[in-house]
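Working notes, structure below.
The values are calculated or read from the model by the stated rules, or taken from the named source; none is laboratory data. Remember, it's a predicted structure, so these values are computed and weren't measured experimentally. Reconstructed Cβ throughout: ideal geometry from the backbone, glycine too, with neighbour counts over all protein chains shown. Side chains are part of the model used for accessible areas, which takes the heavy atoms of the whole protein and leaves out ligands, DNA and RNA. Shrake-Rupley method; radii C 1.70, N 1.55, O 1.52, S 1.80 Å.
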Amino acid sequence: MTTIDIDRGSASGGALDFDPFSDVFFNDPYPTYKRLRDEAPVYYSERYDFYAISRHADVTAAYKNFEVFSSSRGVDLNTIRNGFLNRPDMPPPQLIIMMDPPDHNRMRVLVSRVFTPRAIGAMEPTVRDIITGFLDKVDAKKFDVVADWSEKFPVEIICTMLGVPEESRQQIKKWLDRSLTRAPGEIGVSEDGMNAGIEAGMFYYDLVVKKRENPGDDMMSRLIQTEIAREDGTTTSLDDVEIVGFVSLLGGAGAETVTKLVGNAPVCFADNPDQWQKILDDSSKIPGAVEELLRYHPPAQYVCRYTLKDSEMHGVTIPAGKPVLLINGSASRDERVYKDPDRFDIEREQGQNIGFGYGVHSCLGAALARMESRIALELMRERMPKFEVDRSGLQRVNMTNVAGYAHVPVTVLD
Ligand code: HEM
């Protein structure tokens, strides 16, 4: 495992230092992003030996160009460098997010059959019940929006859809947190994180075996029954390892990101009371607010790719065989695309919002994430129309790729 000092990642003045593992990054990456866009749109980090792309046009172009910017070695720096779960000797797992076309297309078509907008839409009453149920349990006058609420419902929702038994759903989140959390300055997954990944994998494996014997009306059972066209022209069903990989990915993707988006909401609205007033006056502004939260503070701040060929951008050659960070968090504040990008404005024209990624890997769960976030904001409007954020209690996560709060304590006012 690689560790580094954390007193790095300078935001303003001096040499430009972008360090996605530093405190500066987790606390406020935006001034550094601006410098990257202006001074080094293709940035090279000597410390970590990666390249970073920060302008909207370049990030979207790289997302589309999978022949150069490949996902097949992983989408976070550690996996690209050290292999999945620090196992360079093992072939990368067949996870949809870690595949390039044409393999990716086959998997995506298959999963899209299960994850249809119709299927997601039909879930709305269940999703609303789950989100409301967790909010019913908090102290209505004083609670922690993330720890008491937004970190609980997304995992419950995706696990319900997958068919994970109720008693195990919150455990999935605990495993996930352990595998994503980094000590300050730590890039790689910790030993505890690896154990958590293995425990989760074993849990899912047992469940797949059970569902093969006893299928239910859930996504995991449907995945077991679906067939996929293979590269050699044959058609087979997914094997246990493929299903385990896919459901762990869905569990992970579904659990961490909505938590962060909803956690950012009270802070953004407390900072911008005029925007909250617009929501109070008119609930139809909520979908726009979800898009703006996604643009303003994307929970997935960046994704990584691995270059298969040399490429040139802004006069800089990015050689083959290097990790490249595509920084959504910077692209979505690019003044070349957004007017007054540092202003939080729920009514703005979004253009190509890349908070859910872009191109072949664009978020499969976007419709679900939008629905969950919309319902959460509707409930905030109803149950906490006036509130204060206790800023001394704000605490951020220190995770790879995702950014946001672990704690957002609020007091609901009369
Ligand atoms: C606010 C919430 C969310 C955000 C910000 C988000 C963001 C993203 C991003 C940026 C990507 C692209 C990754 C890449 O290009 O390497 C992605 C892919 C993906 N997301 Fe999400 N996501 C969210 C919620 C969800 C949910 C709720 C689910 C599932 C239940 C989900 C499932 C996936 C999957 C399976 C992929 C991979 C798709 C592929 O490789 O074809 N996401 N997401």
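A few comments on the model shown:
- Note: relative contact order over the range 93-244, using C-alpha pairs below 8 Å and six or more positions apart, is 22 percent.
- Sites ALA320 and GLU347 - FRET efficiency at Förster radius 51 Å, r taken between beta-carbons, to 0.05: 0.70
- The range 121-166: trypsin sites (Lys or Arg not before Pro) in DSSP loop, at most 14 other beta carbons within 10 Å: LYS137, LYS141
- For TYR205, net neighbour charge (Lys/Arg +1, Asp/Glu -1) across residues whose Cβ lies under 14 Å away: -3
- Taking a point 7 Å from the Cα of ASP139 along the Cα-to-Cβ direction, the residues of the range 396-414 with backbone N closer than 18 Å to it are 407-414.
- Distance cut-off 38 Å, percentage of C-alpha pairs in the chain lying past it: 18
- Contour minus Cα-Cα distance for VAL109 and LYS309 (0.36 nm per residue): 69.3 nm
- Per residue accessible area in Å² of the chain, where ligands, DNA and RNA are left out and the probe is 1.4 Å: 42
- Pairwise FRET efficiency - SER283 versus ASP49, Cβ, R0 = 56 Å, nearest 0.05: 0.70
- Exposed GluC sites (Glu not before Pro) absent - longest run of the chain, DSSP non-H/G/I/E/B, at most 11 other C-beta within 10 Å: 68-230
- Carbon/sulfur fraction of accessible area - the chain, other protein chains in place, 1.4 Å, %: 51
- Trypsin sites (Lys or Arg not before Pro) within the range 385-414, DSSP loop, no more than 15 other Cβ atoms inside 10 Å: LYS386
- Note on the range 127-229: Kirkwood radius taken over Cα pairs, Stokes-Einstein applied at 10 °C and 1.306 mPa s, translational D equal to 102 µm² s⁻¹.
- Seen from ASP218, the other residues with C-beta closer than 15 Å to its C-beta sum to a net charge of +2, counting Lys and Arg as +1 and Asp and Glu as -1.
- Simple label model, 7 Å out from Cα along Cβ direction - ASP239 to GLU213, nm: 2.2
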